[in-house]
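Encoded as structure tokens, the structure appears first; notes follow it.
The values are calculated or read from the model by the stated rules, or taken from the named source; none is laboratory data. A quick note: this is a predicted structure, and the numbers were derived from the prediction, not measured. Backbone-built Cβ (ideal geometry, glycine too); neighbour counts: all protein chains shown. What goes into the accessible areas is simple: the full protein's heavy atoms, side chains included, and nothing from ligands, DNA or RNA. Shrake-Rupley method; radii C 1.70, N 1.55, O 1.52, S 1.80 Å.
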Amino acid sequence: RGRNSSAFWIAHGLGSHHVSTYPVFLPVVIAPLYLPAVAYLDARGPDDPHLLDQVARFMEKLVASLITAASVALLYLLLRPRSPPRTAAALSLVYAFGTVTWVISSQALWAHGLAQLLVVATLLLVTGPRTAWRVAIAGLLCASIAANRPSDALLALGLGLYGLWWAGPMRWLYLLLGLIPVGLTVAYNLGTVGHLAGAYALFVRPHNYNDDVL
């Protein structure tokens with residue numbers, strides 16, 4: 001338990017489980033987007049490893065690009081009420097192409113790509129009018145930031161504290177929806193990995209990601 005198999009991102013979890021050292025939140029969230037690919041492979045023959053590899057590469061690029069593009073679009077919506085259209089568009093383009101957003105986040109399914117989308121979406125909600133559905137979704141998304149990428153828990157904490165103030169008398173709804181991703185993540189970590197911190201706690205060496213802090 002805790003020792004790697006042939007793949008550096010796979011570790012031995014609880015019992016006979018082999019677990020990814022990456023959090024499972026991202027693949028669970030995007031799984032529905034892969035349904036067309038699954039249907040296509042079933043129709044063409046799932047036993048063809050070359051076709052499987054081609055479809056997997058195409059889908060990873062496509063889904064990563066969709067996540068990144070969505071974060072840029074939501075950032076524009078976040079900035080638009082606070083700045084003229086040209087300024088909001090310019091800042092959104094700077095975020096998209098003047099940072100690593102497009103050149104890295106859109107190229108593969110790194111966890112920080114979804115993290116960007118979750119942070120921007122949460123900001124968009126908690127800076128808008130307070131309604132029951134906005135409070136509920138904001139709580140869900142804010143907690144998902146930490147579930148998706150544990151190192152972003154500090155970001156989630158800051159947004160969460162502001163969100164509690166913003167939610168006012170509906171903060172119970174904010175907290176209730178936030179418990180969903182947190183509870184599911186804790187259940188997976190304890191039931192499958194065997195540690196509250198998840199597979200991060202099973203690292204044999206502190207540089208299993210090739211010294212990459214992503």
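Tabulated results
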{"item": "Solvent exposure, largest accessible area first (probe 1.4 Å, DNA, RNA and ligands not counted), of His12, His50, His195", "result": "His50, His195, His12"}
{"item": "Leading residue at positive end of dipole, region 61-214 (Cβ point charges), from Ser151, Ser65, Thr127", "result": "Thr127"}
{"item": "Where Trp9, Trp165 fall by accessible area, highest first, once all protein chains stay in place (1.4 Å)", "result": "Trp165, Trp9"}
{"item": "FRET efficiency for Phe8 and Gln54, using Cβ-Cβ distance with R0 set to 30 Å, rounded to 0.05", "result": "0.80"}
{"item": "Probe 1.4 Å, all protein chains present, accessible-area order of Tyr34, Tyr22, largest first", "result": "Tyr22, Tyr34"}
{"item": "From phi via Karplus (6.51, -1.76, 1.60), per-residue ³J(HN,Hα) for region 117-124 in Hz, x at Gly/Pro", "result": "5, 5, 5, 5, 5, 5, 4, 4"}
{"item": "Computed accessible area, Phe58, all protein chains, 1.4 angstrom probe, square angstrom", "result": "130 Å²"}
{"item": "Net dipole in debye of region 80-214 [+1 Lys, Arg Cβ; -1 Asp, Glu Cβ; about Cα centre; nearest 20]", "result": "520 debye"}
{"item": "Options (1) 1.22; (2) 1.08; (3) 1.00 - which one matches Rg/Rh (Cα atoms, Kirkwood Rh) as calculated here", "result": "(3)"}
{"item": "Residue-averaged 222 nm ellipticity for the chain, from DSSP H runs of 4+ at -39500 (n - 2.57), nearest 500", "result": "-19500 deg cm²/dmol"}
{"item": "Rough spin-label spacing in nm, given labels placed 7 Å along Cα→Cβ, for Tyr162 and Ala132", "result": "2.6 nm"}
{"item": "Positive-end residue, the chain charge dipole about Cα centroid, Cβ charges, pick of Ala108, Tyr188, Leu141", "result": "Leu141"}
{"item": "Rounded tilt (10° steps) of 171-188 against the dominant C-alpha axis of the chain", "result": "10 degrees"}
